[in-house]
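Undergrad: Take this structure first; my questions come after.
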Amino acid sequence: MRRGEWWLVVALFAGSFALVVGTAGDYGATYDEPHYASAGSKYATWWVLAARSPALAFQRSAIEAAWRPNHEHPPLQKVASGFSYRWLPGLLPGLTAMRLPSAFWFALAAVGLFLFARGIWSLGGALFAALAFITMPHLFAHAHFVALDMPITAWFFFTAALAAVALTRDSWPWTALAGIAFGLALLSKINALFLPLLLLPWALIWHRRSWPKAAAAVAIGAAVFFVGWPWLWIAPVAHLKAYLAFHFRHAAYNVWYLGKLHQYAPWHYPFVMTAVSTPALVLLMSLAGLIICRPRRGNPREALLVLGFLISLAPSALPTSPKYNGVRLFLLAFPFLAALAGAGFARLESRLFRAGPLSRPTNTGLARLVALLVGASLLTPSVRALARTHPYQLAYYNAFVGGAAGAAESGFETIYWGQVLSQGVDFVNRIEKASPFLLVIPKGVIYLFHLQQVRPDAQFTADESQAPSVDYVMFQCMQSDFTDLCWELYRNAEPAFSVQLEGTPLLVAYDRDAAAAAAARLSARPAPAAPATSPAASSETNRPTRKLAGS
């Protein structure tokens, strides 16, 4: 790369990082963030103790006390957030400081994607891939949260990219870096276990002579995983078995998909959700790239991108695999999707350079200008979508389903994860009546109100029998959490307060009259017959309470 391109790398990192950090305070707390943040503070404190007093820190009781909280999930994001909070309390508010690592992973992934794509395609294709990644609304939203999804998205891709470099160069130093990246992926989230299913067959087919290096990278990663998680040190076999058992027997939370409530959504859920959650023009470029990079073409790195994208989605297509929260559980597929979009644009760019007058050597500058304008045109809808949906990008759907409104009509879940409840806190704080009494559904989200400085005299209940006597009934428009009362209000009553995106409600509150009337209509109806086909748990399930350990 030329020197100017390295400055572009710096600009990509600094720009994407600053954009996320600058908007971190715009997003309310999600269900899992308080639990990860609390555990992260304990983990960081233990590491400080280990540096200052190893004899004390390495006692079994000290490890137990520090690392038991949220031990169901690996510690990388939580440790990073804990140290961020320790180091930056005077510069950034508490939650914003703890969200800083996610912004870092996001910016680092954009740079890694650019560098990897630049090794395959033109500067235009690499830049398009990086910018497509940065402007994907769901990715951008997740870059703001203290959660496991952004680090696994980054380190899953880094591992694949570094392994490709290691095997292409037949280099042991690069193999070591790939192994370290795999270890950090394992320390990010359980999805990293699928990386060997990507790397080992790929290496066996395209780099058979260097295959031992792929196996070595896997072994190095396993060692990094063990060293980086002190919870495993005190009972390696028992704690590893418990960790795996927790995830392979993970509770299946309900999801509203294509107008039906599912406990296990159909196999096509990850593919359809990816298709409707990606900006339309970027998706078309990705489909073009998928055709261009098909494995039979014989380019190992292009084949790796295709296989990486498919393997990232495949686990969520299994019949008994949990499928909920939009694209969150397979967010790691999106760097590969963005890279494929870069491939599509690189092919389009090369066609432009060979078209008529643009192919003449004297018109090289004009050809580059045209390519730049075409690329900007293709990405403009993504940028507009980011601005239009901010800070509710979790509710973004593309033009193919008619945006948020069309998605709701088509039976897709409107929003998830409780971020919008911060607006409910603001609503409660503005109620003029002293000691307002609210029914909040589902019952487990009430703790988010108390965590986000709700007025001390506010009273909350989760008992729906009290609907006629409360001042307001409030819930986010996550249809998989809807009870019969929610549906009755949502379909037949006018909210006293709502947060909307493109005219589609994300959070609603109904006053006492509406709640009492809805409760009366429900009580007057005959009891419905039990459904014959749906094994889904009741929508009154206390989703956040069941997710205290995160998910």
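Undergrad: Given charges of +1 on the Cβ of Lys and Arg and -1 on the Cβ of Asp and Glu, with all other atoms neutral, how large is the dipole of region 2-75 about its Cα centre, in debye to the nearest 20?
TA: Computed about the Cα centre, the dipole is about 380 debye.
Undergrad: Place +1 on the Cβ of every Lys and Arg and -1 on the Cβ of every Asp and Glu in region 335-475, take the dipole about the Cα centre, and give the residue among I446, V370, Y416 whose Cα lies farthest towards its positive end.
TA: Result: V370.
Undergrad: Now for a different question. Using r as the Cβ-Cβ distance of H450 and F400, and R0 as 41 Å, what FRET efficiency do you calculate, to the nearest 0.05?
TA: According to the calculation, E is roughly 0.55.
Undergrad: Test of understanding: ordering E494, E413 by Cβ neighbours within 10 Å, fewest first, what list do you get?
TA: Going from sparsest to densest Cβ surroundings: E494, E413.
Undergrad: For the chain, list the DSSP H helices whose alpha carbon atoms reach 24 Å or more along the long axis and whose average Kyte-Doolittle value is 0.0 or above?
TA: The qualifying helices are 3-23, 94-118, 149-169, 211-227, 334-353, 364-389.
Undergrad: Still on this structure: Which aspartates and glutamates have a Cα less than 14 Å from the Cα of K213, not counting those fewer than 8 places away in the same chain?
TA: Those aspartates and glutamates meeting the cut-off are D170.
Undergrad: Which is farthest toward the positive dipole end of region 3-384 among L352, W67, L258, measuring Cα position about the Cα centre, with Cβ charges +1 (Lys, Arg) and -1 (Asp, Glu)?
TA: Going by the charge dipole, the pick is L352.
Undergrad: Taking the Cβ of each residue in D32, D481, D471, D511 as the centre, tally the other Cβ atoms inside 10 Å and list the residues starting with the fewest.
TA: Going from sparsest to densest Cβ surroundings: D511, D471, D32, D481.
Undergrad: While we're on this one: What aspartates and glutamates does K260 reach when the alpha-carbon gap must be under 20 Å and sequence neighbours fewer than 8 apart in one chain are set aside?
TA: E409, E413, D481, D484, E488, E540
Undergrad: Once you place label points 7 Å from the Cα toward the Cβ at L56 and D513, how far apart are they in nm?
TA: Roughly 6.3 nm, to one decimal.
Undergrad: Right, next: Take the Cβ-Cβ distance between A14 and V227 as r, set R0 to 41 Å, and report the resulting FRET efficiency rounded to the nearest 0.05.
TA: Plugging the Cβ-Cβ distance into 1/(1 + (r/R0)^6) gives 0.85.
Undergrad: Next up: Within 10 Å of each residue's Cβ, count the other Cβ atoms and sort R301, R52, R512 from fewest upward.
TA: Fewest to most other Cβ atoms nearby, the residues stand as R52, R512, R301.
Undergrad: With +1 on each Lys and Arg Cβ and -1 on each Asp and Glu Cβ, and nothing else charged, work out how big the dipole of region 3-384 is about its Cα centre, in Debye to the nearest 20.
TA: Dipole of region 3-384, to the nearest 20 debye: 720 debye.
Undergrad: Provide the packing ranking of 9-19, 498-508, 278-288, i.e. peptides ordered by the mean count of other C-beta atoms within 10 Å per residue, highest first.
TA: 278-288, 498-508, 9-19
Undergrad: Just from its helices, what would the mean residue ellipticity at 222 nm be for the chain, if runs of 4 or more DSSP H residues each count -39500 (n - 2.57) and the sum is divided by every residue, rounded to the nearest 500 deg cm²/dmol?
TA: Computed mean residue ellipticity for the chain: -18500 deg cm²/dmol.
Undergrad: So I have (i) 79, 51, 49; (ii) 75, 68, 52; (iii) 86, 59, 40, and one of them is Cα extents along the principal axes in Å calculated from this model. Which one is it?
TA: Entry (ii).
Undergrad: Sorting check: for 394-400, 373-379, 456-462, 445-451, which peptide has the highest mean count of neighbouring beta carbons within 10 Å, and how do the rest follow?
TA: 394-400, 445-451, 373-379, 456-462
Undergrad: Using a simple charge model, +1 on the beta-carbon of Lys and Arg, -1 on the beta-carbon of Asp and Glu, nothing else, what dipole does region 111-248 show about its Cα centre, in debye to the nearest 20?
TA: Once rounded to the nearest 20, the dipole reads 280 debye.
FYI, it's all coordinate maths here, none of it is from the lab. Note that the structure is predicted; figures quoted are calculated from it, not measured. Every residue, glycine among them, receives a Cβ derived from its backbone with ideal geometry; neighbour counts consider all protein chains shown.
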